[in-house]
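The values are calculated or read from the model by the stated rules, or taken from the named source; none is laboratory data. Everything numeric in this text was worked out from a predicted model, so none of it was measured. Methodologically, a virtual Cβ is constructed for each residue, glycine included, from the backbone with ideal geometry; neighbour enumeration extends over all protein chains shown. When the accessible area is computed, the model is the full protein with side chains, heavy atoms only, and any ligands, DNA or RNA have been set aside. Shrake-Rupley method; radii C 1.70, N 1.55, O 1.52, S 1.80 Å.
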Amino acid sequence: MIDVQHITKRYGAFIAIDDVTLTIPKGAIYGIIGASGAGKSTLLRMMNLLEKPDSGRVNVGGQNLTALSSKGLREVRKSIGMIFQHFHLVANKTVRDNVRVALELARYPKRDQLARVQECLQFVGLQEMADKYPAELSGGQKQRVAIARALATNPSVLLCDEPTSSLDPQTTAEVLAVLKDINERLGITIVIVSHEMDVIKSICTAVTVLENGHIYESFTHEPHGIKTPGSSSAYFVEQLKGVPRDA
Amino acid sequence: MPDVLVQYQGEIIQSIGETFYMVGVSILFAVLIGLPVGTFLFLCRKGQLLENQAVFSTLNLLVNSTRSFPFLLLVVFLIPFTRLIIGTAIGTTAATVPLAIIAIAHYSRLVEQSLLDVPRGVLEAAVSMGASVREIITKFLYVEARSSLVMGLTTSIISFISYSTIMGVVGGGGIGDFAIRYGYQQFKTDLMTYMIIIMVILVQLIQFSGMTLARWLDKR
């Protein structure tokens, strides 16, 4: 699905990504993990050419992105969804309009837009929130709106840049469940960059560990499933003391 | 109503009309040209979508030099240019030329500042969704900056009113000119005071409407 060939990216003298070659199979939930500064986000951002590689090729769904005109690239980007750590929703648009704008950009038929927005919001469980503004939502809800926005145009790939890193454990589980659902029900290939080990462990089917711009190791992985952390006071005490309260 | 206001009613109404005309033209140019200029100032900056050092430096220099003129000197300096496009350098319409030019420079700078406050990530999300530059401007940039753009325009309009008061030097008329000629030069201090009160009320109204509109537009 995504095929990255010998890509290199420098910022001045600093080499962020050094001759990386990577293949992400269709239908995978692919994790990229590594220490901060290892180049995870840069690598992800080259998969839709938000960052242009200095050399090498990026193929997504059989298209060579690096060879496309800027107009061609804009078209391809409509089939590559992306979500971010800080959601990047338009604060002055309602939830509905945030999702709808993706459809407008893709020239989706006007009369079908609202129905499609509703469908996407339903998928992430936020159909009741259509008229709210992002400021009225929790972090987890904002990220789900961002997911709905990214899904609206039926992409084949969803790129996730630290999707849960500004969320608490409870909402992290909530967002991961949505991502897993998207992968299973819609067959969308997902790439997740994260520094959180639990995120990668819980849902990824394959992983690449990056180190200083190189691939340290890539391997397939058996997802452990999403653990919903407790939020009761007893749970906190138990976790901190290491024993159940009434034991 | 005080006698002096009744006595000069005709002139007062006319001068208010002249002020509205001059400020109205300023607003028109601020929005029609200042907004695009400010948008380009923002987009051509280093690291932005249309990064272009030459365009940025040129616009930046033009805006800066226009704004660094003491306004009275700008009016005088522009007389030949005004004569060229209006046919005369005297009168209310002629006065709108320097006002329009300072309006463009003034508002474009405020537009640039408003756009700089839009979170970068929002534009990045727009790019990742395949938006063109035009779509990014209309569907993201202006939407996110709208309340700040309105507040900037409010500030600009109040400056335009202030600028318009000195247009008497080229026969532009307006409330300021009336206050100087009748109130100051003919020692009718009460008349001048009334004119100042009218200006204060006008500015208060504009500020209040601008703030109300901006607050209503702001959902952040």
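Going through (1) assigned to a helix (DSSP H, G or I); (2) open to solvent by less than 60 Å² (accessible area, probe 1.4 Å); (3) modelled with pLDDT of 95 or more one by one, B:Phe81 falls short only on (2).
For (1) open to solvent by 20 Å² or more (accessible area, probe 1.4 Å); (2) touching a residue at least 60 places away in the same chain (Cβ under 8 Å); (3) more than 25 Å from B:Gly176 (Cα to Cα), each residue gets a yes or a no:
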position	(1), (2), (3)
B:Asp3	yes, no, no
B:Gln9	yes, no, no
B:Ile13	yes, no, no
B:Gly17	yes, no, no
B:Ser26	no, yes, no
B:Phe29	yes, yes, no
B:Leu43	no, yes, yes
B:Leu50	yes, yes, yes
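Give A:Val101, A:Val117, A:Val90 a once-over and let me know the one that is in a helix (DSSP H, G or I), at the interface with chain B (Cβ under 8 Å from one of its Cβ atoms) and either open to solvent by less than 40 Å² (accessible area, probe 1.4 Å) or on the phi > 0 side of the Ramachandran plot (or both). A:Val101 is the lone residue from the list that is in a helix (DSSP H, G or I), at the interface with chain B (Cβ under 8 Å from one of its Cβ atoms) and either open to solvent by less than 40 Å² (accessible area, probe 1.4 Å) or on the phi > 0 side of the Ramachandran plot (or both).
Selection over the range B:140-171 of residues that are more than 17 Å from the chain's Cα centre (by Cα) and away from chain A (no Cβ under 14 Å) gives a count of 4. Assessment of the range A:30-38 against the conditions (under 23 Å from A:Thr164 (Cα atoms), open to solvent by 40 Å² or more (accessible area, probe 1.4 Å) and in contact with a helix residue (DSSP H, G or I) (Cβ under 6 Å, 6 or more places away or on another chain)) yields no matching residue.
Meeting the requirement of 1 or more residues that are open to solvent by 10 Å² or more (accessible area, probe 1.4 Å) and of a type in the set (A, V, I, L, M, F, W, C), the strands (runs of 3 or more DSSP E) wholly within the range A:145-243 are A:206-211, A:214-220. Number of residues in the range B:110-136 that are more than 8 Å from chain A (Cβ to nearest Cβ), open to solvent by 30 Å² or more (accessible area, probe 1.4 Å) and in a helix (DSSP H, G or I): the value is 6. Filter the range A:124-142 down to the residues that are open to solvent by less than 20 Å² (accessible area, probe 1.4 Å) and either in contact with a Pro (Cβ under 6 Å, 6 or more places away or on another chain) or in a helix (DSSP H, G or I) (or both), then identify the one that is farthest from the other protein chains (Cβ to nearest Cβ). Result: A:Gly140. All conditions in (1) surrounded by fewer than 18 Cβ atoms within 10 Å (Cβ to Cβ); (2) more than 17 Å from B:Ser156 (Cβ to Cβ) hold for B:Phe56, with the sole exception of (1). Looking only at the range A:53-84, filter to residues that are within 12 Å of chain B (Cβ to nearest Cβ) and in a loop (DSSP other than H, G, I, E, B); which one of those is surrounded by the most Cβ atoms within 10 Å (Cβ to Cβ)? Here the answer is A:Phe84.
Scanning the range A:6-44 for residues that are charged (D, E, K, R) and over 19 Å from A:Ser218 (Cα atoms) returns A:Lys9, A:Arg10.
Residue count for the range A:39-52, restricted to those that are open to solvent by less than 40 Å² (accessible area, probe 1.4 Å) and assigned to a loop (DSSP other than H, G, I, E, B): 7.
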